[in-house]
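So the structure is just underneath, and the comments pick up after that.
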Amino acid sequence: LASSSRAFVEYVRGRAGVWEWLAHVKLRAVGGDQEFGRLVESRARAAVHEGAAGTDAALLAAETRRVRERLEREKGAARGTDIKYGAGGMLDVYFTARYLQLRYGLPDAGEDRSTGATLARLREAGSLSEEEYEALREGYVLLRRLDHELRLLAGRSTRLPAAPDHPVLRDLARRARFGSPAELTQELAAR
(Lines give C-alpha, C1' and ligand atoms only; values in the text may rest on other atoms or scores of the structure.)
Protein backbone atom coordinates (compact mmCIF):
# COMPACT_ATOMS: atom_id res chain seq x y z
CA LEU A 1 0.00 0.00 0.00
CA ALA A 2 2.97 2.28 -0.41
CA SER A 3 4.22 3.92 -3.55
CA SER A 4 7.76 4.75 -4.48
CA SER A 5 8.95 8.33 -4.17
CA ARG A 6 9.13 8.57 -7.95
CA ALA A 7 5.56 7.30 -8.35
CA PHE A 8 4.32 9.74 -5.72
CA VAL A 9 6.00 12.74 -7.34
CA GLU A 10 4.76 11.67 -10.78
CA TYR A 11 1.23 11.31 -9.39
CA VAL A 12 1.40 14.83 -7.95
CA ARG A 13 2.82 16.15 -11.23
CA GLY A 14 0.44 14.41 -13.61
CA ARG A 15 -2.78 13.35 -11.95
CA ALA A 16 -3.33 15.19 -8.67
CA GLY A 17 -6.22 17.61 -8.53
CA VAL A 18 -6.24 21.16 -7.24
CA TRP A 19 -7.67 19.96 -3.92
CA GLU A 20 -4.63 17.72 -3.51
CA TRP A 21 -2.23 20.54 -4.39
CA LEU A 22 -3.84 22.63 -1.64
CA ALA A 23 -2.92 19.89 0.83
CA HIS A 24 0.48 19.03 -0.62
CA VAL A 25 1.69 22.63 -0.81
CA LYS A 26 2.63 22.20 2.88
CA LEU A 27 3.99 18.68 2.50
CA ARG A 28 6.53 17.74 5.15
CA ALA A 29 8.48 14.57 5.87
CA VAL A 30 7.90 13.51 9.47
CA GLY A 31 9.57 10.15 9.85
CA GLY A 32 12.23 7.83 8.54
CA ASP A 33 15.33 9.05 6.72
CA GLN A 34 14.97 12.82 7.02
CA GLU A 35 17.40 13.62 4.22
CA PHE A 36 15.48 11.37 1.84
CA GLY A 37 12.20 12.81 3.13
CA ARG A 38 13.31 16.39 2.48
CA LEU A 39 14.36 15.41 -1.05
CA VAL A 40 10.96 13.84 -1.79
CA GLU A 41 9.03 16.70 -0.22
CA SER A 42 11.06 19.21 -2.24
CA ARG A 43 10.36 17.37 -5.50
CA ALA A 44 6.68 16.91 -4.70
CA ARG A 45 6.19 20.56 -3.74
CA ALA A 46 7.98 21.61 -6.95
CA ALA A 47 5.55 19.38 -8.88
CA VAL A 48 2.62 21.03 -7.08
CA HIS A 49 3.82 24.49 -8.09
CA GLU A 50 4.52 23.36 -11.67
CA GLY A 51 0.98 22.02 -11.92
CA ALA A 52 -0.51 25.16 -10.42
CA ALA A 53 1.52 27.38 -12.76
CA GLY A 54 0.05 25.53 -15.74
CA THR A 55 -3.52 25.83 -14.49
CA ASP A 56 -5.91 28.62 -15.39
CA ALA A 57 -6.17 31.08 -12.48
CA ALA A 58 -9.98 31.04 -12.62
CA LEU A 59 -10.04 27.24 -12.35
CA LEU A 60 -7.55 27.34 -9.48
CA ALA A 61 -9.73 29.89 -7.67
CA ALA A 62 -12.98 28.02 -8.37
CA GLU A 63 -11.58 24.70 -7.16
CA THR A 64 -10.14 26.30 -4.03
CA ARG A 65 -13.52 27.88 -3.31
CA ARG A 66 -15.35 24.60 -3.98
CA VAL A 67 -13.18 22.65 -1.53
CA ARG A 68 -13.47 25.38 1.12
CA GLU A 69 -17.25 25.61 0.73
CA ARG A 70 -17.58 21.84 0.96
CA LEU A 71 -15.71 21.82 4.27
CA GLU A 72 -17.95 24.62 5.53
CA ARG A 73 -21.11 22.74 4.52
CA GLU A 74 -19.94 19.46 6.01
CA LYS A 75 -18.34 20.69 9.22
CA GLY A 76 -19.33 24.27 9.91
CA ALA A 77 -23.02 24.51 9.07
CA ALA A 78 -24.48 23.64 12.48
CA ARG A 79 -25.89 26.12 14.98
CA GLY A 80 -23.48 28.63 16.49
CA THR A 81 -20.26 30.20 15.27
CA ASP A 82 -17.56 27.77 14.16
CA ILE A 83 -14.21 29.56 14.34
CA LYS A 84 -12.45 26.98 12.19
CA TYR A 85 -14.89 25.65 9.59
CA GLY A 86 -17.57 28.37 9.55
CA ALA A 87 -17.73 31.39 7.27
CA GLY A 88 -14.89 33.75 8.12
CA GLY A 89 -13.12 31.03 10.10
CA MET A 90 -9.53 29.90 10.23
CA LEU A 91 -9.93 27.81 7.09
CA ASP A 92 -10.87 30.88 5.08
CA VAL A 93 -7.49 32.39 5.93
CA TYR A 94 -5.73 29.06 5.39
CA PHE A 95 -7.30 28.52 1.95
CA THR A 96 -6.63 32.12 0.95
CA ALA A 97 -2.96 31.71 1.81
CA ARG A 98 -2.64 28.36 0.02
CA TYR A 99 -4.48 29.61 -3.07
CA LEU A 100 -2.19 32.64 -3.28
CA GLN A 101 0.87 30.41 -2.83
CA LEU A 102 -0.26 28.29 -5.77
CA ARG A 103 -1.45 31.23 -7.87
CA TYR A 104 1.78 33.20 -7.51
CA GLY A 105 4.22 30.29 -7.29
CA LEU A 106 5.41 31.02 -3.78
CA PRO A 107 6.75 27.80 -2.27
CA ASP A 108 7.19 27.39 1.46
CA ALA A 109 10.58 28.54 2.63
CA GLY A 110 12.48 27.40 5.69
CA GLU A 111 11.08 25.58 8.65
CA ASP A 112 8.17 27.89 9.44
CA ARG A 113 5.34 26.88 7.14
CA SER A 114 2.62 28.26 9.36
CA THR A 115 -0.24 30.27 7.92
CA GLY A 116 1.08 33.42 9.64
CA ALA A 117 4.54 33.00 8.11
CA THR A 118 3.00 32.26 4.72
CA LEU A 119 0.94 35.45 4.90
CA ALA A 120 4.10 37.44 5.68
CA ARG A 121 5.91 35.89 2.70
CA LEU A 122 2.94 36.66 0.45
CA ARG A 123 3.05 40.29 1.56
CA GLU A 124 6.81 40.48 1.00
CA ALA A 125 6.37 39.00 -2.49
CA GLY A 126 3.69 41.56 -3.37
CA SER A 127 0.88 38.99 -3.56
CA LEU A 128 -0.94 40.73 -0.69
CA SER A 129 -1.18 44.44 -0.08
CA GLU A 130 -0.26 45.73 3.37
CA GLU A 131 -3.96 46.29 4.11
CA GLU A 132 -4.92 42.76 2.99
CA TYR A 133 -2.06 41.28 4.97
CA GLU A 134 -3.01 43.14 8.15
CA ALA A 135 -6.68 42.16 7.87
CA LEU A 136 -5.86 38.49 7.32
CA ARG A 137 -3.13 38.42 9.96
CA GLU A 138 -5.15 40.19 12.65
CA GLY A 139 -8.20 38.04 11.98
CA TYR A 140 -6.14 34.87 12.04
CA VAL A 141 -4.37 35.86 15.28
CA LEU A 142 -7.77 36.41 16.91
CA LEU A 143 -9.11 33.10 15.63
CA ARG A 144 -6.00 31.20 16.77
CA ARG A 145 -6.21 32.78 20.21
CA LEU A 146 -9.90 31.87 20.50
CA ASP A 147 -9.17 28.34 19.25
CA HIS A 148 -6.48 27.90 21.90
CA GLU A 149 -8.61 29.24 24.73
CA LEU A 150 -11.69 27.30 23.60
CA ARG A 151 -9.68 24.06 23.63
CA LEU A 152 -8.62 24.77 27.21
CA LEU A 153 -12.21 25.48 28.24
CA ALA A 154 -14.26 23.01 26.21
CA GLY A 155 -11.93 20.45 24.64
CA ARG A 156 -11.54 20.03 20.89
CA SER A 157 -14.60 22.05 19.94
CA THR A 158 -14.28 24.77 17.31
CA ARG A 159 -17.80 26.03 17.87
CA LEU A 160 -18.70 28.94 20.12
CA PRO A 161 -21.80 28.48 22.27
CA ALA A 162 -24.86 30.05 20.63
CA ALA A 163 -26.32 31.46 23.86
CA PRO A 164 -24.88 34.94 24.52
CA ASP A 165 -24.78 34.28 28.28
CA HIS A 166 -23.30 30.77 28.09
CA PRO A 167 -20.65 30.21 30.81
CA VAL A 168 -18.08 28.97 28.27
CA LEU A 169 -18.56 32.10 26.17
CA ARG A 170 -18.19 34.28 29.28
CA ASP A 171 -15.00 32.44 30.27
CA LEU A 172 -13.68 32.57 26.71
CA ALA A 173 -14.22 36.34 26.54
CA ARG A 174 -12.45 36.82 29.87
CA ARG A 175 -9.50 34.55 28.96
CA ALA A 176 -9.12 36.26 25.57
CA ARG A 177 -9.13 39.64 27.35
CA PHE A 178 -12.47 40.96 26.12
CA GLY A 179 -14.69 42.98 28.42
CA SER A 180 -17.75 40.85 27.70
CA PRO A 181 -19.04 38.05 25.48
CA ALA A 182 -20.78 40.70 23.37
CA GLU A 183 -17.47 42.51 22.83
CA LEU A 184 -15.85 39.24 21.75
CA THR A 185 -18.63 38.36 19.29
CA GLN A 186 -18.63 41.91 17.87
CA GLU A 187 -14.86 41.76 17.26
CA LEU A 188 -15.20 38.31 15.74
CA ALA A 189 -17.97 39.50 13.41
CA ALA A 190 -15.89 42.52 12.40
CA ARG A 191 -12.91 40.33 11.53
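Expressed as a rounded percentage, what relative contact order does the range 146-191 have, with Cα pairs under 8 Å and six or more residues apart? 29 percent. Take each peptide in 169-176, 152-159, count the other Cβ atoms within 10 Å of every residue, and average; sorted highest first, the result is 169-176, 152-159. The simple Förster model, with R0 at 45 Å and r as the Cβ-Cβ distance, assigns His166 and Gln34 a FRET efficiency of 0.50. Charge tally around Glu134: other residues with Cβ under 12 Å, Lys/Arg +1 each, Asp/Glu -1 each, net -1. Summarising the amide proton neighbourhood of Leu160: residues at separation of 5 or more, or on other chains, whose placed amide H is nearer than 5 Å comprise Thr81, Asp82, Ile83.
Per-residue Karplus couplings for the range 20-33, computed as 6.51 cos²θ - 1.76 cosθ + 1.60 with θ equal to phi - 60°, are listed in order as 6, 4, 4, 7, 6, 4, 10, 3, 8, 6, 10, x, x, 5 Hz, Gly and Pro entered as x.
For the chain, calculate the relative contact order in percent as a whole number, restricting contacts to Cα pairs under 8 Å that are 6 or more residues apart. Relative contact order for the chain comes out at 18 percent. Measuring nothing but how far apart in sequence close Cα pairs (under 8 Å, 6+ apart) lie, relative to its length, the range 109-168 scores a relative contact order of 19 percent. Can you tell me the 0 to 90 degree angle between the C-alpha axis of helix 34-53 and the longest principal axis of the chain, rounded to 10? Taking the Cα atoms of the chain, the angle to 34-53 is about 90 degrees.
For the pair Ser114 and Arg174 in one chain, pulling the backbone fully straight at 0.36 nm per residue adds 18.9 nm over the alpha carbon distance. Most mobile of Arg123, Arg103, Arg177 per a Gaussian network model of the chain (Cα springs, under 10 Å)? Comparing Arg123, Arg103, Arg177 in the GNM, the peak value goes to Arg177. The distance between label points at Ala87 and Ala182 comes to 2.3 nm (points 7 Å beyond Cα on the Cα→Cβ vector). Here the Karplus curve 6.51 cos²θ - 1.76 cosθ + 1.60, taken at θ = phi - 60°, turns the phi angles of the range 174-191 into couplings of 5, 5, 8, 6, 9, x, 7, x, 5, 5, 4, 5, 5, 5, 4, 5, 5, 7 Hz, with x standing for Gly and Pro. Using a probe of 1.4 Å, the accessible surface attributed to Glu183 totals some 80 Å² when neighbouring protein chains are kept in position. Counted by Cβ distance under 9 Å from Arg113, the other residues give a net charge of -1, where Lys and Arg count +1 and Asp and Glu count -1. Computed from backbone phi with θ = phi - 60° and the Karplus coefficients 6.51, -1.76 and 1.60, the 3J(HN,Hα) list for the range 88-96 is x, x, 4, 5, 5, 5, 4, 5, 4 Hz; x is used for glycine and proline. Would the chain count as rounded, prolate or oblate if I go by the C-alpha gyration tensor, calling it rounded below 1.5 in a/c and otherwise prolate when a/b exceeds b/c, oblate otherwise? Taking the square roots of the gyration eigenvalues as a ≥ b ≥ c, the chain is prolate. Could you give the angle, 0 to 90 degrees to the nearest 10, between helix 57-75's Cα long axis and the longest principal axis of the Cα atoms of the chain? It works out to around 50 degrees. Each of Lys75, Lys26 has its accessible area taken with a 1.4 Å probe; listed largest first, they run Lys75, Lys26.
The values are calculated or read from the model by the stated rules, or taken from the named source; none is laboratory data. Remember, it's a predicted structure, so these values are computed and weren't measured experimentally. Heads up, the Cβs are rebuilt from the backbone with ideal geometry, glycines too, and the neighbour counts pull from every protein chain shown. Areas reflect the complete protein model, heavy atoms only, side chains present, ligands, DNA and RNA absent. Shrake-Rupley method; radii C 1.70, N 1.55, O 1.52, S 1.80 Å.
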